[in-house]
1. Got a sec? Which of 69, 11 is surrounded by 14 or more Cβ atoms within 10 Å (Cβ to Cβ), touching a helix residue (DSSP H, G or I) at 6+ places or on another chain (Cβ under 6 Å), more than 30 Å from residue 112 (Cα to Cα) and outside the structural domain of residue 137 (by TED's automatic domain parsing)?
2. Among (1) loosely packed, with under 13 Cβ neighbours inside 10 Å; (2) modelled with pLDDT under 95, which single condition is residue 132 missing?
3. Residue by residue through region 17-28, note down the ones that are assigned to a helix (DSSP H, G or I) and either in contact (Cβ under 8 Å) with a residue 60 or more places away in the chain or surrounded by 17 or more Cβ atoms within 10 Å (Cβ to Cβ) (or both).
4. Among the residues of region 72-99, which ones are assigned to a loop (DSSP other than H, G, I, E, B), within 23 Å of the chain's Cα centre (by Cα) and loosely packed, with under 15 Cβ neighbours inside 10 Å?
5. Filter region 109-120 down to residues that are touching a residue at least 12 places away in the same chain (Cβ under 8 Å), closer than 30 Å to residue 4 by Cα and either over 19 Å from the mean Cα position of the chain (by Cα) or not assigned by TED's automatic domain parsing to the domain that holds residue 141 (or both), then give me how many there are.
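The values are calculated or read from the model by the stated rules, or taken from the named source; none is laboratory data. No experiment lies behind these values; they were computed from the predicted model shown. Cβ coordinates were reconstructed from backbone atoms using ideal geometry, including for glycine residues, and neighbour counts include every protein chain displayed.
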């Protein structure tokens with residue numbers, strides 16, 4: 001099962017290395033990771049997606065709590081939350097295919113952010129399923145390059161990660 005963990009850390013050098021090292025030592029592959037600042041000065045938030053059974057993830061969370069610089073660890077997979085990813089996708093586009101590509105982009109509420117004589121760059125945000133669906137729709141035009149962020153997530157309602 002995929003788990004999305006939110007980890008609040010002191011925004012100091014080495015925190016990411018220590019956390020990713022813990023996953024590596026346990027033989028876990030981090031599927032994706034997103035790191036950024038929070039509203040609290042000096043605190044960063046890591047959102048990590050990792051696959052594992054519930055008991056194993058619980059053990060990893062306990063070990064994360066013991067690391068220097070870790071302030072809070074929450075499993076957002078267990079709470080009602082909003083999760084999104086961003087994907088930029090560069091697609092081959094000839095003059096005749098641009099309107100078809102644009103129609104697909106609009107259907108998925110994406111945005112064309114760059115056009116060149118032989119390609120277009122499309123920006124789309126959403127769930128993993130949505131991103132996979134638009135990727136599949138654009139494949140027959142010829143995908144030149146894709147880049148994706150990791151998942152970012154917030155708890156629904158008034159509850160915040162600090163309280164979870």
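1. Within the list 69, 11, the selection yields 69.
2. (2)
3. 19, 23, listed by residue number.
4. 80
5. Number of matching residues: 1.
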